Amino acid sequence: MHLRLHPLTAAVLSASALTLSLSGHASADDMSTLVISEDRLEQNVVISAEEIDQRQARDLEDLFRAEPGVSVGGGIAIGQKVYVRGLEDTNLNVTIDGARQGGYLFHHTGRLTIDPALLKQAEVDKGPATADDGPGALGGSLRFETKDAQDLLKPGQDLGARVSVGTESAADATSGTTAFYGRLGENLGLMGYVSGRNSDDYEVGGGGEQEQTAGQQRGYLLKMSLLDVNDQDLRISAERTTDHGTYFTRPHMPSFSSQQPTYQEMERETFTVNHAWHPGNDLIDTRTTLYHTTQELDRVDAGSTSRSQEFGADVRNTLRLKTGDVAHALTTGVDFHDQDTRRSDDAGSAGPNNEDTSRNLGVYAQNRMTLGPWALSVGARLDDYDSDYGEAGSVSGSEVSPNAILSVDATDNLTLHAGYGEAIRGAKAREVILIGDDVTIAEGLEPERARQREIGLDWHQRDALMAGDRLGFALTGFHTDIENYQAYDRGSDPAVLYNLEGEVESRGYEASLNWGVGGYDTRLGYAKVVMKNNNGDPLGDEMNIGASTGDKWTWDHQYRLPNHNVTLGYTLNAVERLERVAEGDEEKPGYVTHDIRAQWTPASYQDLTLTLAVNNVFDKRYSDHSSYLLSSGDSMLEPGRDVRLGASYSF
């Protein structure tokens, strides 16, 4: 075991100690309740349940359709992978209601199975990782939060239900959800939710079908939410999602020569307990999460099963106080996860090294401070990790990762911000479907370390162009590099787990311009991401690392007519041709798509909501740049014109 103290860590801890000691000691008598907004420090993207519903989101691609810094490739749900600033979701810290989703079953399938209709919100944290973001956030974080019964009940209602149905023309799909929810007394909410979707092979732009994309998805959620009882909240949930179908062996690579259709079952089960205690005392605001997640890919015809099981916990407290004019929100905590991955076949064990175990224990502190127009967040986390690779042995160690984020309100309308953060991943199981072979560990295997830098500005103005309007502009530059990336060479005999030399790099900038007046809002977004591999060459499509994409533009419009209970929307997505490719690699052609949507609640039937969405209005034939590109130039084609009709009724 070894411990490295980064020079910035000492500065971070010193700054925290210094500010706590300024102007004497704070006492409970001179403290009023302090509210420190993280929005000034961490620029996150939040997608609400309302937006999810309006877009009739069916999968991850629908969920992030209007966000230029996030892309989703793979076509069908079982093959979809999320990329944040070019880095694959295997390099993100992904949680659902605080439960980490760490399983990496197969590099030709996605690893995130979630029903968007269940979500209260989806949050993307692309900036430098803070200490309380959890371990392994090399490229950022994705946080999903499911709904409570209280979110669905109307004022004064104690028992309710919601039924929804939908159709999709491109995949000739039908879907439906049923939710029952109620309140016992003033505080206890109970909810049961079931969803289903059946689809055929979907039609691609310009005609023709994408073979072996028909499937059946199911979602289930049972949740209890006991809120505001003696200043405490308790949520207990059990969630299950399934995706079954006869897909290609490599679902996201239909044009690959050596594969065939095979019946596959992708399933996830997550059990979560969330507890919060907020007694109105500035010294106590605790949050505790306990969870257990199982992810499984069963290739039934081949008799192969890949499984990841993980249990973990996070316990934290936020203390709020003042030292002079400096307001602090100091979060301290500990998190832990233990992951066991196993591959088996019909005959039993799948080789001498068919099981990996990885554990991580983290201790962290993050102090968010404000002083007038200034906001400073500093923190560090210590991760003690251990990865066991069966007969090949184990790797263990301890690492410290610091961070610092500074922002200042330069004027009433302009905020400047800059940040630096590091993230460590030492506890890392291998890709499950590939384990089982004889394997050796390269001498001196190091944990992966990301260094994240960001700088930017946010400007907003009311009554800018006309009375009552709102205008805003944001610009962010970023640079992330990952050193010691762990790779697995199966071509060697035995296979070798080793560190790549050099650094994987993601850099670029994002910009957005938004304007609104009354019920109308429009937002123009742009993202340029330059990816380089560990040799300094343009990154191709490197599974488990990232993908290069052309510059991306999004232009979203939304108009609300409150007197008529109607919301209208339009989204343009334009991706420029990718010419930054390594010698010998294929360029990726650009494309433009248009989506429209409308939602209406009839005045005489307030419990009924009707929704229309048309994606890819002009039936463009294209592949998302995040979908894997074969040397032949072929890639997974996206659905063509897709007319979606939906109706929901609440009782």
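The values are calculated or read from the model by the stated rules, or taken from the named source; none is laboratory data. As the structure is a computational prediction, the values presented were derived from the model and not from experiment. Virtual Cβ from ideal backbone geometry, glycine too; neighbours counted across all protein chains shown. To get the accessible areas, we keep the full protein, side chains included, count just its heavy atoms, and leave off ligands, DNA and RNA. Shrake-Rupley method; radii C 1.70, N 1.55, O 1.52, S 1.80 Å.
The table below gives the values:
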item	result
Listed pairs K81/K147; K552/K620; K532/K588; K428/K528; K126/K528; K588/K620 exceeding 19 Å between Cα atoms	K81/K147; K428/K528
Derived scalar couplings ³J(HN,Hα) [the stretch 547-558; Karplus, 6.51 cos²θ - 1.76 cosθ + 1.60; whole Hz; x for Gly, Pro]	8, 8, 10, x, 4, 10, 10, 10, 9, 10, 10, 8
The stretch 81-173 - charge dipole about Cα centre, Lys and Arg +1 at Cβ, Asp and Glu -1, debye rounded to 20	120 debye
Formal net charge of residues neighbouring N187 (Cβ-Cβ distance under 13 Å; K, R +1; D, E -1)	-4
Total charge dipole magnitude, the chain, about the Cα centre, Cβ charges on Lys, Arg, Asp, Glu only, Debye to nearest 20	1400 debye
The chain, accessible surface, carbon-and-sulfur percent (1.4 angstrom probe)	54 percent
Listed peptides 542-548, 150-156 by packing density, highest first (mean Cβ within 10 Å)	542-548, 150-156
Gyration tensor verdict on the chain (Cα atoms; rounded if a/c is under 1.5, prolate if a/b is larger than b/c, oblate otherwise)	rounded
Net charge dipole size for the stretch 495-621 [Lys, Arg +1 and Asp, Glu -1 on Cβ; Debye, nearest 20]	680 debye
Listed residue (H244, S306, A527) projecting farthest to the positive dipole end of the chain, Cβ model	A527
Stokes-Einstein D in µm²/s, Kirkwood radius over Cα pairs - the stretch 425-484 at 4 °C with 1.567 mPa s viscosity	78 µm²/s
Anchor K154: lysines whose Cα lies under 25 Å away (excluding residues fewer than 8 positions away in-chain)	K120, K223
Average accessible area per residue (Å²) across the stretch 306-368 - probe 1.4 Å, nucleic acids and ligands excluded	38 Å²
Accessible area per residue, Å², the stretch 195-286 with all protein chains present, probe 1.4 Å	44 Å²
Protection-proxy order for peptides 197-207, 237-247, each taking the mean of Cβ atoms within 10 Å per residue, highest first	237-247, 197-207
Built amide H within the under 5 Å cut-off of G590, gap 5+	R577, L578
Of M266, H337, L568, farthest towards positive along the dipole that unit charges on Lys, Arg, Asp, Glu beta carbons give the chain	L568
The stretch 68-145 versus the stretch 523-568: alpha-carbon centroid distance in Å	15 Å
Per residue value of the accessible surface for the stretch 422-524 (all protein chains in place, 1.4 Å probe), Å²	44 Å²
Listed residue (A179, Q212, N230) projecting farthest to the positive dipole end of the stretch 165-250, Cβ model	N230
Computed lengthening from H278 to L416, 0.36 nm per intervening residue step minus Cα-Cα distance	46.5 nm
Neighbourhood net charge (10 Å Cβ-Cβ; Lys/Arg +1, Asp/Glu -1) for L629	-4
Neighbourhood net charge (10 Å Cβ-Cβ; Lys/Arg +1, Asp/Glu -1) for L572	-2
Peptides ranked, highest mean first, by Cβ atoms within 10 Å: ranges 386-397, 278-289	386-397, 278-289
HN-Hα J in Hz across the stretch 402-419 - Karplus 6.51, -1.76, 1.60, θ = phi - 60°, x for Gly and Pro	x, 7, 8, 10, 10, 9, 9, 7, 5, 9, 5, 10, 10, 10, 10, 8, 8, x
